[in-house]
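Notes follow once the structure below has been shown.
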Amino acid sequence: MPFTFHAHSGQFCRHATGSLEGVVRAAIAKKLLVLGLSEHVPRSRAQDLYPEEADLSASDLHAAFGAYVEEARRLRAVYSGQIDILIGAETEYITHSTLDELKQLRKQYDLDFFVGSLHHVNGMPMDFSPELYENIVEHCGSRSEMFRRYFDEQLELLQALQPEI
């Protein structure tokens, strides 16, 4: 059963390309049976925005996420006979308070699934550049301590949200 549950579009994510409908059409062309759309959840603090989002605000991201869910629902209806579309989101665990925001977001939009992702350690971004990564290693005192904290935070995310992916 061909499927994916990690699909971003340039329409709603600046490190991706193409439209959300283009993602759906490409999945159909590749004969996927199930497509899980999973744009990134919006972040609520300016310091948590991705580098490519520097010109946006947290409210811009929240508005874009609402537009994503609306468009995904439209596409699910349009392509219902050709592919099963599930509407989800890739999580962002940044601090402990992020977990409450994620639970509220899932409830607000009645999402089908979460992809349990972690792009920060100790509230610091880790995968945007080698310099940021090394900054976290230095902040934690060692690479092994950074990994310990990463997996502790991943465990907290998994236990609190129980993401399907």
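The values are calculated or read from the model by the stated rules, or taken from the named source; none is laboratory data. As the structure is a prediction and not an experimental result, all values here were calculated from the model. Ideal geometry is used to build each Cβ from the backbone, glycine not excepted, and the neighbour counts take in all protein chains shown. Just so you know, the surface numbers come from the protein's heavy atoms only, side chains and all, with ligands and any DNA or RNA stripped out. Shrake-Rupley method; radii C 1.70, N 1.55, O 1.52, S 1.80 Å.
Structure summary
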read-out	value
Scope the stretch 110-138; condition charged (D, E, K, R) and without any contact (Cβ under 8 Å) to a residue 60 or more places away in the chain; matching residues	ASP110, ASP127, GLU131, GLU134, GLU138
Among (1) more than 15 Å from the chain's Cα centre (by Cα); (2) open to solvent by 40 Å² or more (accessible area, probe 1.4 Å), the one test that ILE83 misses	(2)
Selected residue (criterion: farthest from VAL41 (Cα to Cα)) from residues of the stretch 125-165 that are among the hydrophobic types (A, V, I, L, M, F, W, C) and crowded, with 18+ Cβ neighbours inside 10 Å	CYS140
Flag if ILE83 is free of Cβ contacts under 8 Å to residues at least 60 places away in the same chain, aliphatic (A, V, I, L, M) and in contact with a helix residue (DSSP H, G or I) (Cβ under 8 Å, 6 or more places away or on another chain)	yes
Wholly within the stretch 79-165, helices (runs of 4 or more DSSP H) carrying at least 1 residues that are closer than 27 Å to VAL34 by Cβ	96-109, 143-161
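Here is a yes/no grid of residues against (1) more than 18 Å from SER117 (Cβ to Cβ); (2) open to solvent by 50 Å² or more (accessible area, probe 1.4 Å):
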site: PRO2; (1), (2): yes, yes
site: ARG14; (1), (2): no, yes
site: ARG25; (1), (2): yes, yes
site: LYS31; (1), (2): yes, yes
site: VAL34; (1), (2): yes, no
site: ALA46; (1), (2): yes, yes
